[in-house]
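Asks: Next up is a structure, given as structure tokens.
Every number here is computed from the coordinates shown, using simple stated rules; none is lab data. Values in this document were obtained by computation on a predicted structure and should not be read as measured data. Ideal geometry is used to build each Cβ from the backbone, glycine not excepted, and the neighbour counts take in all protein chains shown.
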Amino acid sequence: MRRYPEYKESGVEWIGEIPFHWDVKRLKHIGKILPSNVDKHIYPDEVQVRLCNYTDVYYNDYITVDTVLDKGSCKEREFEKFVLRKGDVIITKDSETPDDIGVPTFIKDNLKSVVCGYHLTMIKTDTCRGEFIFRFIQSDRTRKYFEVESKGITRYGLGKSSIENLLLPIPTDFEQCAITNFLDRKTEQIDELIRIKERRIELLQEQRTVLINQAVTKGLDPNVEMKPSGVEWIGEIPRHWKVQRLKYVAKILPSNVDKHIYPDEIQVRLCNYTHVYYNDYITVDTVLDKGSCKEREFEKFVLRKSDVIITKDSETPDDIGVPTFVKDEIENVVCGYHLTMIRPFSCRGDYIFRFIQSDRTRRYFELESNGITRYGLGKPSIENLLLPIPTDSEQRAIANFLDQKTKQNDELIATEHRKIELLKEYRQSLISEAVTGKIDVRNEV
């Protein structure tokens, strides 16, 4: 894409050179910066409104008449100050991580009785197009500036002065319009490509799930004679298979080894919740945490090849019962807290792992988990899990088949994820190049 005919230094290192006829100004000289203090409480004696909250901004490029917003209330003076109008920009100003600060959204429509909520800052401008400011704040150059300016340790905040003193290049009104129209069109095209690839990932994940379900309940022979399993959620199984409770083929060992390290205990490596949740396999190459445990805990919870570990506690029931398989002989590694170890004695661990991975088993665990704000899976629920038991040779064949097929599937998923990352990088690059005048889009609209 072509460049402008003549450039000059902007005087701002992180902006770099800009077209010769552009200006550079601080945000406070072209608009009002209004940090909101309107919280989520609703009082009957206040003005009844709809609130544009943190998540509405964080997850949406635009706030429109179709955006679903929460009910709220505010004082009359707050309403006058923070009511949203078409052309306004809102950014996140507080978060637990600095890279979540300064995320913008643009008010695309005229809205009725919608007020900017807490943890957000509203930017109102009459001398510069709001959509251009929105796109400039979206650029990774500005996002890095906000990250540097945010203050905090466990929670980060962006002060009003940091927002006010943001330096931005100012094109002519015609160019602002051309840039934003160009970016609207291009980002929508990129976003559509991303949506297609995300849908492709969903289909691949569904395909993976169907593959596992089919193999662990129906086997690999499509012509085998079937019989009812006697378990509604398992359905029919091959005639020569049997059904047993997990406690009759494996030991169930809920761990109580926490993350504290005591010098008078055995020094070990801990396999913790995240290691299980994010990995199909625990191997010699898995990076694990340091920990310690008592001798009796070590004897009980030290990991052996072919063990299966599942998550047993979580804030949501769908995060319970996620399994991993211990693929290698690993020295001095112990199963950590919030996990249950399953040690097979008359069934293959890799087959049990795949059966627990099936969405049929996951649904069973979801139903069995108890809790309100935090959910837990009791030992009896795990022990009494019913599973179909093929012959040992079939278990091995099923596990090997699924290892091969899921690896192929996972590689396809990883490829799609990489493509999405490249599209996102291209999107960011395009925004940054356009709003700083590194490319000339005047004739692209």
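Asks: With angles folded into 0 to 90 degrees, how steeply does helix 359-368 sit against the dominant principal axis of the chain? Use alpha carbons for both and round to 10.
Replies: The helix 359-368 is inclined about 90 degrees to the chain.
Asks: Using the basic label-point model (7 angstrom from Cα toward the beta carbon), what is the Asn256 to Asp359 distance in nanometres?
Replies: Here the answer is 3.8 nm between the modelled labels.
Asks: Same structure again: Counting alpha carbon pairs within less than 8 Å and at least 6 residues apart, what relative contact order, in whole percent, applies to the stretch 23-170?
Replies: 34
Asks: DSSP beta bridges in the chain, what fraction antiparallel, as a percent rounded to 5?
Replies: 85
Asks: Could you name the aspartates and glutamates whose alpha carbon sits less than 16 Å from that of Lys40, not counting residues in the same chain fewer than 8 places away?
Replies: Asp56, Asp70, Glu76, Glu78, Asp94
Asks: Return one quarter of the surface area of the convex hull spanned by the alpha-carbon atoms of the stretch 220-389, equal to its mean projected area, in nm².
Replies: 10.4
Asks: Same structure, new question: As a test of the formula, what do you get for the chain when each DSSP H run with n ≥ 4 contributes -39,500 (n - 2.57) and the sum is divided by the residue count, at 222 nm and rounded to the nearest 500 deg cm²/dmol?
Replies: Mean residue ellipticity at 222 nm (helix-derived): -11500 deg cm²/dmol.
Asks: Report, to the nearest 10°, how far helix 140-149 tilts away from the longest principal axis of the Cα atoms in the chain, using its own Cα long axis and a range of 0 to 90°.
Replies: Orientation of helix 140-149: about 90 degrees from the principal axis.
Asks: Also, I was wondering about something else. If contacts are Cα pairs under 8 angstrom and at least 6 residues apart, what is the relative contact order of the stretch 1-110 in percent?
Replies: 22
Asks: Quick one: Cα centre-to-centre distance for the stretch 235-264 and the stretch 293-362, in angstrom?
Replies: 7
Asks: Another question, if that's okay. If I take the Cα coordinates of the stretch 23-170 and project them onto the principal axes, what are the three extents in Å, biggest first?
Replies: 44, 37, 26
Asks: To continue, here is another question. Determine the gain in length on full extension of the stretch Glu236-Lys71; use 0.36 nm per residue of separation and subtract their C-alpha separation, reporting nm with one decimal.
Replies: 54.5 nm
Asks: Of the residues Gly157, Gly371, Gly102, which exhibits the maximal mean-square fluctuation in a Gaussian network model of the chain defined by a 10 Å Cα contact cut-off?
Replies: Gly371
Asks: Using a Gaussian network model on the chain with a 10 Å cutoff between Cα atoms, which of Ile107, Ile212, Ile42 fluctuates the most?
Replies: For the chain, modelled as a Gaussian network with Cα springs under 10 Å, the answer is Ile42.
Asks: Tell me the angle of helix 173-218 to the major Cα principal axis of the chain, expressed in degrees between 0 and 90 and rounded to the nearest ten.
Replies: Between the helix axis and the principal axis of the chain, the angle is about 10 degrees.
Asks: I need the shape label for the stretch 72-117. Rule: rounded when a/c is under 1.5, else prolate if a/b > b/c, else oblate, with a, b, c from the alpha carbon gyration tensor.
Replies: Since a/c reaches 1.5 but b/c is at least a/b, the shape of the stretch 72-117 is classed as oblate.
Asks: Ok, one more. Please compute the length gained on full extension between Thr55 and Glu13, using 0.36 nm multiplied by the number of residues separating them and subtracting their Cα-Cα distance.
Replies: That pair, Thr55 and Glu13, stretches by 11.9 nm at full extension.
Asks: Oh, and also: Over the chain, calculate the relative contact order: mean separation of alpha carbon pairs under 8 Å at least 6 apart, over the residue count, as a percent.
Replies: Normalised by residue count, the contact order of the chain is 17 percent.
Asks: Right, something else. Please report Glu149, Glu329 as a ranked list, fewest other C-beta atoms within 10 angstrom at the top and most at the bottom.
Replies: Ordered from fewest to most neighbouring Cβ atoms within 10 Å, Glu149, Glu329 come out as Glu329, Glu149.
Asks: As a quick test, which of the pairs Lys25/Lys108; Lys32/Lys424; Lys144/Lys259 have an alpha carbon distance above 29 angstrom in this structure?
Replies: As for pairs spanning more than 29 Å Cα to Cα, those are Lys32/Lys424; Lys144/Lys259.
Asks: Could you point to the residue in Cys335, Val308, Ile234 farthest towards the positive end of the stretch 220-389's charge dipole, with +1 and -1 charges on the Cβ of Lys/Arg and Asp/Glu respectively?
Replies: Ile234
Asks: Here's something else I'd like to know. So what's the gap between the Cα centers of the stretch 384-445 and the stretch 180-211, to the nearest angstrom?
Replies: 11
Asks: Roughly what would the spin-label model give for Lys247 and Tyr43, points 7 Å off Cα along C-beta, in nm?
Replies: 5.7
Asks: If I build a Gaussian network model for the chain, linking alpha-carbon pairs within less than 10 angstrom, which residue out of Thr105, Thr121, Thr154 has the largest mean-square fluctuation?
Replies: Maximum among the listed residues: Thr154.
Asks: According to a simple spin-label model (label point 7 Å from Cα along Cα-to-Cβ), what is the distance in nm between Asn400 and Leu167?
Replies: In this crude label model, Leu167 to Asn400 measures out at 6.6 nm.
Asks: Give the long-range amide H neighbours of Leu339: residues separated by 5 or more places, or on another chain, with amide H under 5 Å away, using H modelled in the peptide plane at 1.01 Å from N.
Replies: Close amide H contacts, sequence-distant or interchain: Ser255, Lys312.
Asks: How about the stretch 295-368: which chymotrypsin sites (Phe, Trp or Tyr not before Pro) there are in a DSSP loop, with at most 10 other Cβ atoms within 10 Å of their Cβ?
Replies: Of the chymotrypsin sites (Phe, Trp or Tyr not before Pro), the ones in loops of the stretch 295-368 whose Cβ has at most 10 other Cβ atoms within 10 Å are Phe345.
Asks: Starting from the Cα gyration tensor of the stretch 100-216, take the square roots of the eigenvalues, sort them a ≥ b ≥ c, and report rounded, prolate or oblate (rounded when a/c is under 1.5, otherwise prolate if a/b is larger than b/c, else oblate).
Replies: It comes out prolate by the Cα gyration axes.
Asks: So, one more: Please go through the stretch 1-40 and write out the trypsin sites (Lys or Arg not before Pro) that DSSP classes as loop and that have at most 15 other C-beta atoms within 10 Å.
Replies: Arg2, Arg3, Lys40
Asks: Of Val83, Val287, how do they rank once you tally other Cβ atoms within 10 Å and put the fewest first?
Replies: Fewest-to-most ranking of Val83, Val287: Val287, Val83.
Asks: Please give the charge dipole size of the stretch 23-170, origin at the Cα centre, charges +1 on K and R Cβ atoms and -1 on D and E Cβ atoms. Round to the nearest 20 debye.
Replies: Its charge dipole is roughly 440 debye.
Asks: Positive end of the charge dipole of the chain (Lys, Arg +1 and Asp, Glu -1 on Cβ, about the Cα centre): tell me which of Val276, Ile190, Val249 has its Cα farthest that way.
Replies: Val249
Asks: Going by C-beta contacts inside 10 Å, put Glu96, Glu444 in order with the fewest on the left.
Replies: Exposure proxy ranking, most exposed first: Glu96, Glu444.
Asks: With +1 assigned to the C-beta of every Lys and Arg and -1 to the C-beta of every Asp and Glu, and no other charges, what is the dipole magnitude of the chain about the Cα centre in debye, to the nearest 20?
Replies: 360
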